[in-house]
Amino acid sequence: MGAALDLTKRNLDYTYGSADPASGGMDCSGFIYYVLRENGVNDVPRDASQQYVWVRKAGNFRAVLSRDIDSFELDELQPGDLLFWTGTYSVERDPPVTHTMIYLGKEKDSGRPIMVGASDGRTYEGEKQFGVSVFDFKTARAKADSTAGTHPRFVGYGKIPGLGNEKPR
């Protein structure tokens, strides 16, 4: 988690297609790719959809249908788990997973769940954040962006394959 949090202190922008902090920014899956490779996970795929497939094939995924942050479906969620969304932008790929972040846990003072990654406009403590940052973790469906025709939806989470935290098959 240290490498991920260190990146939030570098004032990095959200840069679609980048997995290199030296470029001045990263996209969501580039952030995951960079952080995991820096921590010795060399088989991590580069895009969010393939990261989702990677976690699913390892048997580590937990689907979440509920929009309630207190749902039993999130009972197994642990700091370090990958979080996945569909519909954050319009895409023609299968599976249509478009966004990923790393769950950090609940803040000590507020008890509010938080995550880390790269985004082009999520919130932290009610304020919009752009780039590599810490963000509020919410499962409730965000309002659809009528200009982009997107309908963001949280679909689930999973353990990172290769870190010794997989469930037995």
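Key figures for this structure:
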| quantity | calculated |
| --- | --- |
| Odd one out for ARG122, checked against (1) open to solvent by 20 Å² or more (accessible area, probe 1.4 Å); (2) at pLDDT 85 or above; (3) outside any strand (DSSP E or B) | (3) |
| Filtered residue count, the stretch 17-59, keeping only those that are farther than 15 Å from ILE160 by Cα and free of Cβ contacts under 8 Å to residues at least 12 places away in the same chain | 2 |
| The stretch 28-50, residues that are touching a Ser or Thr at 6+ places or on another chain (Cβ under 6 Å) and assigned to a loop (DSSP other than H, G, I, E, B) | ASP47 |
| Near pairs, Cβ below 9 angstrom, 6+ apart or cross-chain, from the stretch 79-95 (assigned to a loop (DSSP other than H, G, I, E, B)) to any residue that is among the polar types (S, T, N, Q) and open to solvent by 40 Å² or more (accessible area, probe 1.4 Å) | GLY80/ASN165; ASP81/ASN165 |
| Residue under evaluation ASP70, criteria (1) touching a residue at least 60 places away in the same chain (Cβ under 8 Å); (2) assigned to a loop (DSSP other than H, G, I, E, B); (3) open to solvent by 60 Å² or more (accessible area, probe 1.4 Å); (4) farther than 22 Å from TYR14 by Cβ, criterion not met | (1) |
| The stretch 87-113 - residue that is out of contact with any helix residue (DSSP H, G or I) (no Cβ under 9 Å at 6 or more places or on another chain) and crowded, with 20+ Cβ neighbours inside 10 Å and, of those, farthest from TYR34 (Cα to Cα) | GLY87 |
| Hits in the stretch 125-144 - residues which are modelled with pLDDT of 90 or more and of a type in the set (A, V, I, L, M, F, W, C) | PHE130, VAL132, VAL134, PHE135, PHE137 |
| Single condition GLN78 does not satisfy, out of (1) in contact with a strand residue (DSSP E or B) (Cβ under 9 Å, 6 or more places away or on another chain); (2) modelled with pLDDT of 90 or more; (3) open to solvent by less than 30 Å² (accessible area, probe 1.4 Å) | (3) |
| In the stretch 1-22, the residues that are open to solvent by less than 70 Å² (accessible area, probe 1.4 Å), in a helix (DSSP H, G or I) and small (Gly, Ala, Ser) | GLY2, ALA3, ALA4 |
| Boolean, LYS108 is modelled with pLDDT of 90 or more, over 26 Å from PRO45 (Cβ atoms), part of a strand (DSSP E or B) and over 11 Å from the mean Cα position of the chain (by Cα) | no |
| Any hit, the stretch 34-52, residues being surrounded by 20 or more Cβ atoms within 10 Å (Cβ to Cβ), more than 15 Å from the chain's Cα centre (by Cα) and modelled with pLDDT of 95 or more | no |
| Residue within the stretch 25-36 that is among the acidic types (Asp, Glu) and within 16 Å of VAL116 (Cα to Cα) present | yes |
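The values are calculated or read from the model by the stated rules, or taken from the named source; none is laboratory data. Predicted, not measured: the structure shown is a model, and the values here were computed from it. Cβ atoms come from the backbone with ideal geometry, glycine included; neighbour counts cover every protein chain shown. Protein only, heavy atoms only, side chains kept; ligands, DNA and RNA dropped before computing areas. Shrake-Rupley method; radii C 1.70, N 1.55, O 1.52, S 1.80 Å.
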